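Chemist: Structure below; questions to follow.
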Number of protein chains: 2
Amino acid sequence: MVEPQRTVLIRGTGLLGASIGLGLRAAGQKVWLSDPSPTAQRIAQDIGAGTIYEAGDQAEIVVVASPPEVTAQEVADALQNHPTATVLDIASVKGKILSQLNALAADAQHPLQQQDLHRYVGTHPMAGREKSGPVAARGELFTSMPWVICAHETSSEEAVATATALARSLGASVHRMTATKHDESVALISHLPQVAASLVASRLQDAETSALALSGNGLRDVTRIAASDPNLWVQILSGNARPVVEILYGLREDIERLIGTLEEPEAPGGQADIAQLIAEGNAGVTRIPGKHGAPPQSFAVVTVIIDDKPGQIAAVLNDVSTVGVNVEDLRMEHSAGHQVGMLEVSVLPGRRDELAEALTEMGWKVVLS
Amino acid sequence: MVEPQRTVLIRGTGLLGASIGLGLRAAGQKVWLSDPSPTAQRIAQDIGAGTIYEAGDQAEIVVVASPPEVTAQEVADALQNHPTATVLDIASVKGKILSQLNALAADAQHPLQQQDLHRYVGTHPMAGREKSGPVAARGELFTSMPWVICAHETSSEEAVATATALARSLGASVHRMTATKHDESVALISHLPQVAASLVASRLQDAETSALALSGNGLRDVTRIAASDPNLWVQILSGNARPVVEILYGLREDIERLIGTLEEPEAPGGQADIAQLIAEGNAGVTRIPGKHGAPPQSFAVVTVIIDDKPGQIAAVLNDVSTVGVNVEDLRMEHSAGHQVGMLEVSVLPGRRDELAEALTEMGWKVVLS
């Protein structure tokens, strides 16, 4: 836990800043808020994220939750105005901000000194929502989510410990790595999927309605995150341009290869190339860890066909719980034209048959996978 | 309904063929099964999908459910061996099969006549599973799913009506379009997402474990369908090569543009280019129809924080149903390191506050979106 007597100043009260405020307040912490937008600042205070900061007051911890493009400047400013505080930022890119800070510290014209950076730690909570602004904030946003702590070469141990305690007090799970490793990691597991989802979704803009009517869960899954905020993603992608572009080179090569194959699908080796692409995807997807960071695990699925009316899902799951089987994952199958749904209940493989039998006896229409 | 006295022969008893058999049997139909693999044929019979076909018996409807690469040959064969039967296939590509059949009919050396094709209708049930083979079959596979019927220029009205009735008797929702339109549509809404998912997932093959530990729902959603069968997808992609490659040209152009921008992220116009890409994705994703083919609709989300133990989800949904609010969608948030889960319950926006209030009163930890 962060020691309760220490005061935290949050600079930037958008979705993440206000959520941190709410979470810290719930943990009994004293929180000050500041934002260039008086409205955002006021809303954050009104929802209980903290009290508006008064210039000159000294914070012991400063969390910079500004947009990525102004983060380095805000961190520098915080280090100077709060000369004993630990300062952390929460931007989605880390290397660029660290270089900007090092450049400011090396610049004789700028008041920031290299030793000020001992009190700085870059961090990145891997949490977010499609909505933005303090109105969408929630203190539980970080619960169970990874929070990356990127100590740099001259971060003090105390600063790193403070950042770690703050992340943990919000329920996050702390992962330590360098800024470079962080940026490469998020380019792959966050920025690449965002680019892919946006590219696929953008092809739908001019699609015919009759084609879109055939959409299934595959398309919905692939494009779900394409609903993200353009403004934020400009800053993220341009702030992490090098690692992202390195991955896009590989993607371009694969697409070139696939185009070449599909231009002459009957040419020798063509079919093997396509099979190879899909098989590589098979291999890659099995490497994504499962729930709660456990090793990837295959669950067995029991599908229950239900009417689309209130209480049906609850009734099924109520019966599942009387059998004493834990639900590992849940999915509703959506499709066009019918008023029934398929509820896919994932359970440990060893419990599948028992559950299916019990639900069938209870009168449910059950399909095994 | 298909008239019960008509006998249906299913050629090919893999996942789809055996599922059609199960569904037709459940609807009271007489079903014969044949498959080049005696094992597949036997399993399909054992699970109740029909009885093994005896050579020479005359079917009134033949469903060709063979792999796409042999479908045309199987259809031609069925048209000749069952000279009064309606013959339909269910392969995922339609134009190529129709051209192959037309070529056979035009070939003086081949016994197939142009007039035989009056009895043929190409169809495509948009249903499937990650698993394959008759063991994974289920009669309800097509419930609520789109089933495309592609009448060609010389399909008889009777043959089209028979195919339509068969699809409807399995609970599917029928969509009529030409083979060309079908192939363009599935290239966009099915084959493109598959390619994108496989390409993203294949990049994960050599990723470091520390990077994969940061995986969130975004990556999981984008790559879920990358677990598909390479063998089948070789046939689908090479069988629909032209429409797919046309879409990939556009994708390649967008990736080229993005690479150019990210190579010089500070160049004039670069940021606007990135914002444009994400905004186009925003626009595209809103065009995907919602549940049951209804217009896309935004639901409000009520998030409930629950312990990861049996019965918790059921208990929440049970309480939701006592409030009388219909659950439009459900999602579990998974993440690393914690034993709590977030159950996201989507409801009509007008019911959100009422539900949140009621659940809070019932003692649940509720977060509004």
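The values are calculated or read from the model by the stated rules, or taken from the named source; none is laboratory data. Model, not experiment: these values are computed from the prediction. Cβ coordinates were reconstructed from backbone atoms using ideal geometry, including for glycine residues, and neighbour counts include every protein chain displayed.
Chemist: Quick one: in the range B:239-264, which of the residues that are touching a residue at least 24 places away in the same chain (Cβ under 8 Å) and within 7 Å of chain A (Cβ to nearest Cβ) is surrounded by the fewest Cβ atoms within 10 Å (Cβ to Cβ)?
Modeler: Among those residues, the one meeting the criterion is B:ILE247.
Chemist: Of the conditions (1) within 24 Å of B:LEU16 (Cβ to Cβ); (2) touching a His at 6+ places or on another chain (Cβ under 8 Å), B:TRP233 fails just one. Which one is it?
Modeler: All conditions pass for B:TRP233, except number (2).
Chemist: Tell me whether the range A:135-148 contains one or more residues that are in a helix (DSSP H, G or I), in contact with a strand residue (DSSP E or B) (Cβ under 9 Å, 6 or more places away or on another chain), more than 22 Å from A:LYS181 (Cα to Cα) and not aliphatic (A, V, I, L, M).
Modeler: Yes: one or more hits.
Chemist: While we're here: Could you tell me whether B:SER155 is modelled with pLDDT under 95, among the polar types (S, T, N, Q) and either assigned by TED's automatic domain parsing to the domain that holds B:GLN114 or more than 29 Å from A:GLU256 (Cβ to Cβ) (or both)?
Modeler: no
Chemist: So in the range B:192-207, with the set limited to residues that are surrounded by fewer than 21 Cβ atoms within 10 Å (Cβ to Cβ) and within 7 Å of chain A (Cβ to nearest Cβ), which one is farthest from the chain's Cα centre (by Cα)?
Modeler: B:ALA207
Chemist: Looking at B:THR123, is it hydroxyl-bearing (Ser, Thr, Tyr), part of a helix (DSSP H, G or I) and assigned by TED's automatic domain parsing to the domain that holds B:THR13?
Modeler: When the stated conditions are applied, B:THR123 does not pass them.
Chemist: Restricting attention to the range A:12-68, report how many residues are of a type in the set (Val, Ile, Thr) and more than 25 Å from the chain's Cα centre (by Cα).
Modeler: 3
Chemist: Given B:GLU184, B:GLU158, B:GLU208, B:GLU140, which one is of a type in the set (Asp, Glu), touching a helix residue (DSSP H, G or I) at 6+ places or on another chain (Cβ under 9 Å) and without any contact (Cβ under 8 Å) to a residue 12 or more places away in the chain?
Modeler: B:GLU208
Chemist: Confirm whether A:ALA267 is free of Cβ contacts under 8 Å to residues at least 40 places away in the same chain, at the interface with another protein chain (Cβ under 7 Å from one of its Cβ atoms), out of contact with any Pro (no Cβ under 6 Å at 6 or more places or on another chain) and not charged (D, E, K, R).
Modeler: no
Chemist: Then there's this: Which one is modelled with the lowest pLDDT, of the residues in the range A:120-136 that are more than 10 Å from chain B (Cβ to nearest Cβ) and at negative phi?
Modeler: Filtering first and then ranking leaves A:SER132.
Yes/no per residue for (1) out of contact with any strand residue (DSSP E or B) (no Cβ under 8 Å at 6 or more places or on another chain); (2) modelled with pLDDT under 85:
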{"site": "B:ALA283", "(1), (2)": "yes, no"}
{"site": "B:THR286", "(1), (2)": "yes, no"}
{"site": "B:VAL302", "(1), (2)": "no, no"}
{"site": "B:ILE306", "(1), (2)": "no, yes"}
{"site": "B:GLY311", "(1), (2)": "yes, yes"}
{"site": "B:ALA314", "(1), (2)": "yes, yes"}
{"site": "B:ASP319", "(1), (2)": "yes, no"}
{"site": "B:VAL323", "(1), (2)": "yes, no"}
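Chemist: Hey, can you tell me all the residues within the range B:298-328 that are within 8 Å of chain A (Cβ to nearest Cβ), over 17 Å from B:GLU354 (Cα atoms) and not in a helix (DSSP H, G or I)?
Modeler: B:ILE305, B:ASP308, B:LYS309, B:PRO310, B:GLY311
Chemist: May I ask you to say which residue of A:ALA196, A:ALA163 is in contact (Cβ under 8 Å) with a residue 24 or more places away in the chain, assigned to a helix (DSSP H, G or I) and assigned by TED's automatic domain parsing to the domain that holds A:ILE20?
Modeler: Just a single option satisfies the conditions, and that option is A:ALA163.
Chemist: Inside the range B:271-285, can you point out the residues that are out of contact with any Pro (no Cβ under 6 Å at 6 or more places or on another chain) and either within 7 Å of chain A (Cβ to nearest Cβ) or within 19 Å of B:VAL222 (Cβ to Cβ) (or both)?
Modeler: B:GLN271, B:ILE274, B:LEU277, B:GLU280, B:GLY281, B:ASN282, B:ALA283, B:GLY284, B:VAL285
Chemist: In the set B:GLY28, B:GLY50, B:GLY12, which member is modelled with pLDDT under 95 and either hydroxyl-bearing (Ser, Thr, Tyr) or at positive phi (or both)?
Modeler: Exactly one of B:GLY28, B:GLY50, B:GLY12 is modelled with pLDDT under 95 and either hydroxyl-bearing (Ser, Thr, Tyr) or at positive phi (or both), namely B:GLY28.
Chemist: If we keep just the residues of the range A:209-230 that are more than 7 Å from chain B (Cβ to nearest Cβ) and among the polar types (S, T, N, Q), which is nearest to A:GLN271 (Cα to Cα)?
Modeler: In this case the residue turns out to be A:ASN217.
Chemist: Here are A:ILE278, A:ILE288, A:ILE313, A:ILE247: which of them is among the β-branched types (Val, Ile, Thr) and in contact with a His (Cβ under 9 Å, 6 or more places away or on another chain)?
Modeler: Going through A:ILE278, A:ILE288, A:ILE313, A:ILE247 in turn, just one is among the β-branched types (Val, Ile, Thr) and in contact with a His (Cβ under 9 Å, 6 or more places away or on another chain): A:ILE247.
Chemist: Let me ask something else. Do we find a residue being farther than 20 Å from B:LEU188 by Cα, assigned to a helix (DSSP H, G or I), modelled with pLDDT of 95 or more and not basic (Lys, Arg) anywhere in the range B:263-272?
Modeler: The answer is yes, given that some residue of the range B:263-272 is farther than 20 Å from B:LEU188 by Cα, assigned to a helix (DSSP H, G or I), modelled with pLDDT of 95 or more and not basic (Lys, Arg).
Chemist: A further question on this structure: Scan the range B:17-31 residue by residue and report those that are surrounded by fewer than 18 Cβ atoms within 10 Å (Cβ to Cβ) and of a type outside the set (Lys, Arg).
Modeler: Once the filter is applied, which keeps residues that are surrounded by fewer than 18 Cβ atoms within 10 Å (Cβ to Cβ) and of a type outside the set (Lys, Arg), the range B:17-31 yields B:ALA26, B:ALA27, B:GLY28.
Chemist: Select from the range A:331-354 the residues that are at pLDDT 80 or above and part of a strand (DSSP E or B) and write down the one among them that is surrounded by the fewest Cβ atoms within 10 Å (Cβ to Cβ).
Modeler: Out of the qualifying residues, it is A:GLU344.
Chemist: Scan (1) assigned by TED's automatic domain parsing to the domain that holds A:GLY21; (2) touching an Asp or Glu at 6+ places or on another chain (Cβ under 7 Å) for the single condition A:ALA172 breaks and write down its number.
Modeler: That leaves (2) as the condition not met.
Chemist: Only one residue in A:ALA91, A:ALA85 is aliphatic (A, V, I, L, M) and either surrounded by fewer than 21 Cβ atoms within 10 Å (Cβ to Cβ) or touching a Pro at 6+ places or on another chain (Cβ under 9 Å) (or both). Which one?
Modeler: Going through A:ALA91, A:ALA85 in turn, the sole match is A:ALA91.
Chemist: Something else about it: Can you work out which of the residues in the range A:166-189 that are of a type in the set (S, T, N, Q), closer than 13 Å to A:PRO243 by Cβ and in a helix (DSSP H, G or I) is farthest from the chain's Cα centre (by Cα)?
Modeler: The residue in question is A:THR180.
Chemist: Within 30 Å of B:LYS181 (Cβ to Cβ), surrounded by 20 or more Cβ atoms within 10 Å (Cβ to Cβ) and not assigned by TED's automatic domain parsing to the domain that holds A:ARG331, is that true of A:SER228?
Modeler: no
Chemist: If you don't mind, another one. Determine which member of the set A:VAL195, A:VAL174, A:VAL186 is over 30 Å from A:GLN80 (Cβ atoms) and modelled with pLDDT of 95 or more.
Modeler: Exactly one residue qualifies, and that residue is A:VAL195.
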